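Inspection log for the structure reproduced underneath, given as structure tokens.
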Amino acid sequence: MPTVSRRSSSSAPCVVETQPDFWSTKTRPGGDTPALAFEALLIEHEPSVLVCDIEGGESDLCGVTLPETLRAVIIEAHGKSRERDVIWWLEQEGYALAARRDTVLSFARVKPRKAA
């Protein structure tokens with residue numbers, strides 16, 4: 001099973017362990033797992049909603065330019081510093097925090113992204 005990395009990459013230095021029912025998947029260091037580029041997937045599929053629970057990898061997404069087709073982002077932030085990173089990033093991309101439940105943050109696009 002491939003993993004997803006922030007930028008273009010043909011492999012990631014990890015092993016993906018998937019349970020038979022797929023409710024529990026984790027990565028661990030080591031190995032050479034095929035990787036898909038997150039930014040390329042966004043461009044190719046033009047999603048309207050993005051849902052992420054990436055177990056601490058939220059900060060790695062910060063800085064990714066999100067497509068204008070994306071109208072909502074739901075993301076679980078693991079830790080206060082990651083939460084701050086995610087909020088700052090999505091505000092720069094033109095989103096506003098619309099709702100939260102514990103560690104799950106929901107954002108809606110309210111304006112075009114800020115110019116770089």
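Answer yes or no: is there a residue in segment 25-36 that is outside the structural domain of residue 110 (by TED's automatic domain parsing), at pLDDT below 90 and either basic (Lys, Arg) or touching a His at 6+ places or on another chain (Cβ under 8 Å) (or both). Yes, segment 25-36 contains at least one residue that is outside the structural domain of residue 110 (by TED's automatic domain parsing), at pLDDT below 90 and either basic (Lys, Arg) or touching a His at 6+ places or on another chain (Cβ under 8 Å) (or both). Figure legend. Inter-residue proximity from segment 85-96: first residues under 9 Å from residue 112 (Cα atoms), second residues among the aliphatic types (A, V, I, L, M) and buried (at least 16 other Cβ atoms within 10 Å of the Cβ), beta-carbon distance below 8 Å, spacing 6+ or different chains. Indicated pairs: 93/66; 95/73. Taking first residues from segment 97-111 that are of a type outside the set (A, V, I, L, M) and partners that are surrounded by fewer than 11 Cβ atoms within 10 Å (Cβ to Cβ), the Cβ contacts under 6 Å between residues at least 6 apart in sequence or on separate chains come to 106/99. Taken together, the residues in segment 60-105 that are in contact with a Ser or Thr (Cβ under 9 Å, 6 or more places away or on another chain) and not charged (D, E, K, R) amount to 15.
I'm checking my understanding of the structure. Among residues of segment 38-56 that are on the phi < 0 side of the Ramachandran plot and in contact with a helix residue (DSSP H, G or I) (Cβ under 9 Å, 6 or more places away or on another chain), which one is modelled with the lowest pLDDT? By that ranking, first place goes to 54.
The values are calculated or read from the model by the stated rules, or taken from the named source; none is laboratory data. Here the structure is a predicted model, which is why all the values come from computation and not from measurement. Here Cβ is always computed from backbone atoms with ideal geometry, including for glycine, and neighbour counts include all displayed protein chains.
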